[in-house]
Amino acid sequence: MKKYFFLAWTGVLKQPWFAKIVDKLTSSKLSAKLIPFYIKHYQVEESSIELPLSEYPSIQAFFTRKLAAEKTNFQTDEKTYASPVQGLVKDFGELTSDKEFYIKDKMYSLEELVGVKDLDTTNSHFAILYLSPKNYHRFHAPIKGQYDVLRYLGKTSYPVNQQAVDYVDGLFTKNYRGVYAMNDDFYVPVGAVNINSIKDTFVSGSELAAGEELGYFNFGSTVVLFFMNKSIEWDSQIKKETPIELGQVLATIN
């Protein structure tokens, strides 16, 4: 029954007309009055907020805010992947020989997610990082290198919370998403709720340092990373369903 009601409600949420209404409301000046309630309800870490609240003209401006400078510390070398977001580690591990990976016992196809056929996935790995409403919603480069926008896929906009993961088959391969090349790896920001909710802020083909911004989400979000054809070692602090900070070490190339 819960699944039925969830799918019925999200059937409304993912409609383009609903997304336009939400976008208009959350970008209005009147919505700025909701920011203190938003902070309290979602328990946003106030020390991470860059500007005085009065300087955010809308709830959407607050949602896509930048972090206070002291919260954006990346200390990595060319063999270290840092977390590109502030969020929650939903899952991580090794791709199967069938080019698939599992999230909460649901199977996903890497090739379907990134829109590329005949990939060599020997010794390849993945990490799923979920951003809740309380988190900072900009995403960054986890390692120094070249970043290219390959394509955008998906036309729906389901939420990416735990209920959606449980109830929507193939959730991440249905939602609107970007597919970026990150050196020889893949970087996939997955939007939610609002149509075209991913906004790039970098120039495709750029050489970026670890920590440089790639873009931001207007609503709900997940970042999926694929480390292709290399041996890596996950940091000992990385565990499923645990918070991760922007710039925290995620994995090291052996």
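The values are calculated or read from the model by the stated rules, or taken from the named source; none is laboratory data. Computed from a predicted structure; not experimentally measured. When we count neighbours, we look across all protein chains shown, and the Cβ atoms used for this are built from the backbone with ideal geometry, even at glycine.
Brief remarks follow.
- Criterion applied to S58, S97 was being farther than 18 Å from N175 by Cβ and not assigned by TED's automatic domain parsing to the domain that holds F226, and the one residue passing it is S58.
- When residues of segment 54-76 are limited to those that are in a loop (DSSP other than H, G, I, E, B) and at pLDDT 85 or above, the one nearest to Q237 (Cα to Cα): K66
- Listed conditions (1) surrounded by fewer than 18 Cβ atoms within 10 Å (Cβ to Cβ); (2) touching a residue at least 60 places away in the same chain (Cβ under 8 Å) are all met by E55, apart from (2).
- Among the residues of segment 27-46, those identified as touching a helix residue (DSSP H, G or I) at 6+ places or on another chain (Cβ under 8 Å) and either within 26 Å of P243 (Cβ to Cβ) or assigned to a helix (DSSP H, G or I) (or both) are S31, A32, L34, I35, P36, Y38, I39, V44, E46.
- Single unsatisfied condition, K90 versus (1) over 30 Å from F37 (Cβ atoms); (2) at pLDDT below 95; (3) buried (at least 18 other Cβ atoms within 10 Å of the Cβ): (1)
- Residue match in segment 7-19 (condition: assigned to a loop (DSSP other than H, G, I, E, B), at pLDDT below 80 and either on the phi > 0 side of the Ramachandran plot or aromatic (F, W, Y) (or both)): no
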